[in-house]
Amino acid sequence: MERFEQIVPQEAAGQRLDGFAAAQPEWKLSRSGAQQLIEKGGILCDGKPAAKNTKLKAGQCITVEIPDAVPLDAVAQEIPLDVVYEDEHLLVVNKPKGMVVHPAAGNPDGTLVNALLYHCKGQLSGIGGVLRPGIVHRIDKDTSGLLVVAKDDITHEGLSAQMAVHSVRRQYQAVVYGRFKEPEGFVEAPIGRSKNDRKKMGIVPDGKYAYTAYRQLAAYPGFSHIECQLKTGRTHQIRVHMASIGHPLAGDAVYGPKNCITALNGQCLHAKTLGFVHPVTGQEMLFDSELPAYFQSFLQKLGKER
């Protein structure tokens, strides 16, 4: 457990307790992390519990006790990671097809989380008392491509805030059935749990807003190679949206035709481009990954562009 103490200077008088705590660089607290500690009695004002919105006075003594992190049930495993970028605050990884992001029933280990727990070795966030690998967003098991992972709460919150206002650039490439009448377009339809099959997502009236823009990159006999730009990031968004307009993803056994292309081992979908503003440095970050071998091989099998 770490313990810190700080006297409120004159210039900080009138600030809220949670904001003051989050502004102390040595404490490494995000605002929500500070609020959680305040609720648990981990941050005191003149030795007494106080509300998160308490307005501070000059000369008051603020103390904080940050608990040691409690490890997740997931174990660290030495699994190779394709790390595209890494610094003290975050890393960008290129997830292979077939790797699950989080441990769950049926996939207790061998996941990206297990690999990150080993790779980061104590550099993970522990604010709030839980050691976690900072997964900011996910992609499906059989979708390959780029993911950003936060190492601390401030970075995690900063990235999550960008996700919330749809400022993160996420471009995917996919192969879908059929050819398009128009070279580009968009699908704007709410996505939620399917009423007919709770294991699937679908377009439902009370679902969450979802927007996917698409552009045809190349046409092949019976298929199209497309690029998708996400404004939102709903579960199975591209798969559901493209299927809804008659262009399900090749290899998608859930939303595609019954005679699924089993050789693809899942949907032909790759998170190719990822861009965001670094929450700590303010630098604009942009990453691009090559199409994986399975994707390129499938395009070659489709033959020449038409």
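The values are calculated or read from the model by the stated rules, or taken from the named source; none is laboratory data. Not measured: the values here are computed from a predicted model. Please note: Cβ atoms are built from the backbone with ideal geometry, for glycine as well, and neighbour counts cover all protein chains shown. The accessibility values were calculated without ligands, DNA or RNA, using every heavy atom of the protein model including side chains. Shrake-Rupley method; radii C 1.70, N 1.55, O 1.52, S 1.80 Å.
Over all directions, average the projected area of the Cα convex hull of the chain and note it in nm². Let's see the in-between values first.
Values: hull surface 72.9 nm².
Mean shadow area of the hull around the Cα atoms is 18.2 nm².
First compute the accessible area of segment 1-90 with a 1.4 Å probe, then give the percent of it belonging to carbon and sulfur atoms.
Values: 2620 of 5410 Å².
Ligands and nucleic acids excluded, carbon and sulfur give 48 percent.
Might you report the magnitude of the Cβ-based charge dipole of the chain about its Cα centre, with Lys and Arg at +1 and Asp and Glu at -1, to the nearest 20 debye?
Charge dipole, the chain, about its Cα centre: 1340 debye, nearest 20.
Report in % the part of the accessible area of segment 136-197 that belongs to carbon and sulfur, leaving out ligands and nucleic acids; probe 1.4 Å.
Numbers: 1360 of 2890 Å².
Here it works out to 47 percent.
For Ser224, Ser160, give me the order by solvent-accessible area with a 1.4 Å probe, most accessible first, ignoring ligands, DNA and RNA. Could you put the intermediate results ahead of the total?
Numbers: Ser224 0, Ser160 45 Å².
Largest to smallest exposure gives the sequence Ser160, Ser224.
How about Lys48: which lysines have a C-alpha closer than 25 Å to its C-alpha, ignoring those fewer than 8 places off in the same chain?
By straight Cα distance, Lys48 reaches Lys28, Lys40, Lys57.
Just for the Cα atoms in segment 224-304, what are the lengths along the principal axes, largest first, rounded to whole Å?
For segment 224-304, the Cα spread along each principal axis is 49, 27, 21 Å.
Under a 10 Å cutoff between Cα atoms, tell me which one of Leu147, Leu17, Leu56 has the largest fluctuation in the Gaussian network model of the chain.
It is Leu56.
If you place +1 on the Cβ of every Lys and Arg, -1 on the Cβ of every Asp and Glu, and leave all else neutral, what size is the dipole of segment 161-251 about its Cα centre, to the nearest 20 Debye? Can you show the working numbers first?
Details: 14 positive and 6 negative charges, 70 e Å.
With only Lys, Arg, Asp and Glu charged at Cβ, the dipole is about 340 debye.
Return the sequence-ordered ³J(HN,Hα) values of segment 230-247 in whole Hz as given by the Karplus equation 6.51 cos²θ - 1.76 cosθ + 1.60 applied to θ = phi - 60°, using x for Gly and Pro.
Whole-Hz 3J(HN,Hα) from phi for segment 230-247: 8, 8, 10, x, 7, 4, 6, 4, 5, 4, 5, 5, 5, 5, 5, 9, x, 10.
Please give the per residue accessible area of the chain, computed with a probe of 1.4 Å over protein heavy atoms only, in Å². Show your work: numbers first, answer last.
Numbers: 15420 Å² over 306 residues.
Ligands and nucleic acids excluded, the result is 50 Å² per residue.
What figure in square angstrom, to the nearest 10, would you give for the accessible area of Phe4 with a 1.4 Å probe?
Result for Phe4: roughly 40 Å² accessible.
In segment 230-306, with Lys and Arg counted as +1 and Asp and Glu as -1 at Cβ, which of these residues, Thr235, Pro248, Phe298, has the Cα nearest the positive end of the dipole, that is, farthest along it?
Of Thr235, Pro248, Phe298, it is Pro248.
For the chain, what relative contact order do you get, as a whole percent, if you take Cα pairs closer than 8 Å and at least 6 residues apart?
Details: 654 pairs, mean separation 42.4, N = 306.
So the answer I get is 14 percent.
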